[in-house]
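The values are calculated or read from the model by the stated rules, or taken from the named source; none is laboratory data. Only a predicted model underlies this, so the values are computations on that prediction, with no experimental measurement involved. All Cβ positions, glycine included, derive from the backbone under ideal geometry; neighbour counts span all protein chains shown. When the accessible area is computed, the model is the full protein with side chains, heavy atoms only, and any ligands, DNA or RNA have been set aside. Shrake-Rupley method; radii C 1.70, N 1.55, O 1.52, S 1.80 Å.
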Amino acid sequence: MPSRVLAIDGPAGSGKSTTAAAVAEQLDLPHVESGALYRAITLAGLDAGVELGGQRLVALARSLPIRLDLTDAGFRPEIAGVDVSQEIRSARVTARVSEVSAMAEVREWVNEEVREAVARHPRGAVLDGRDIGTVVFPDAVLKIFLVADPVIRARRRLLQDGRVPDPDAVASEVEALERRDAYDSTREVAPLRRASDAVVLDTTDLSFEQQVRVIVDRARNLFP
Ligand code: CDP
């Protein structure tokens, strides 16, 4: 395992992905978003039938294939060579992704892909997800567990999606985020939880720049 592996985990809408991307850029490391693979296999499954079950979904993912291409500008999720960065964020994928990611075979496939992607980058990587610090890279040199008030998370997610955060929209987004958190936290395989050695970072009152700086500073202290 490369020495500079940073794990950023946390619940839905806690800003893991945008934070991990900025941290990776500042540390000049690649960013690997495990959620993009769970989303891509869900997208492929929506067309083929999510009910296929883990084993057949993984066979489908290998044959298409689904890949995470790490480029200088970040990572690009691909299905059969086509960039699906936008499509994996669609509401229809978000609505089914927790169900697919609860399947043990799917999790094994994602973990394998993620570890292979990192192995190709000996300098290290910044990873984000739900179980990076607990299961995928339990020996990561720095583990961050991002948390934030659900209303703040909902507002940020709406703004990120270009929607107006009026009270009704915020209320329904809070409900959707909490439903996904409950599903992700109570599944049998690799549930969402903080690693005992993770640093909890509550970003409710932090600006984006501040939260990035806290993580980058900690990382630089560990490997100047
Ligand atoms: O939408 P958000 O950024 O919060 O989540 P994501 O990172 O895109 O992940 C989407 C879904 O994939 C989560 O709700 C989890 O069900 C699943 N996931 C997981 O189980 N384990 C990971 N390491 C990453 C994502």
Sole exception among (1) within 14 Å of the ligand (Cβ to nearest atom); (2) β-branched (Val, Ile, Thr); (3) open to solvent by less than 20 Å² (accessible area, probe 1.4 Å); (4) under 21 Å from Ala190 (Cβ atoms) for Val58, by number: (1)
Qualifying residue in the range 186-197 (condition: small (Gly, Ala, Ser), within 14 Å of the ligand (Cβ to nearest atom), open to solvent by less than 60 Å² (accessible area, probe 1.4 Å) and in the same structural domain as Lys16 (by TED's automatic domain parsing)): yes
Test result for Leu127, under 30 Å from Gln55 (Cβ atoms) and not in a helix (DSSP H, G or I): yes
Residue list for the range 2-22, restricted to those being of a type outside the set (S, T, N, Q) and over 17 Å from Glu173 (Cβ atoms): Pro2, Arg4, Val5, Leu6, Ala7, Ile8, Asp9, Ala20, Ala21, Ala22
Out of Arg130, Arg92, sole residue that is among the charged types (D, E, K, R) and without any contact (Cβ under 8 Å) to a residue 60 or more places away in the chain: Arg92
Per-region count, the range 36-68, residues closer than 15 Å to Arg92 by Cα and in contact (Cβ under 8 Å) with a residue 24 or more places away in the chain: 11
Scan of the range 65-78 for residues that are open to solvent by less than 60 Å² (accessible area, probe 1.4 Å) and of a type in the set (A, V, I, L, M), ordered by number: Ile66, Leu68, Leu70
Odd one out for Ala20 among (1) open to solvent by less than 10 Å² (accessible area, probe 1.4 Å); (2) touching a residue at least 60 places away in the same chain (Cβ under 8 Å); (3) not assigned by TED's automatic domain parsing to the domain that holds Leu201: (3)
Unmet criterion (only one of (1) surrounded by 16 or more Cβ atoms within 10 Å (Cβ to Cβ); (2) on the phi > 0 side of the Ramachandran plot) for Gly162: (1)
Residues within the range 9-42 that are within 10 Å of the ligand (Cβ to nearest atom), closer than 18 Å to Asp217 by Cβ and among the aliphatic types (A, V, I, L, M), tallied: 1
Total residues in the range 82-118, condition more than 14 Å from the ligand (Cβ to nearest atom) and either at pLDDT 95 or above or of a type in the set (A, V, I, L, M, F, W, C) (or both): 2
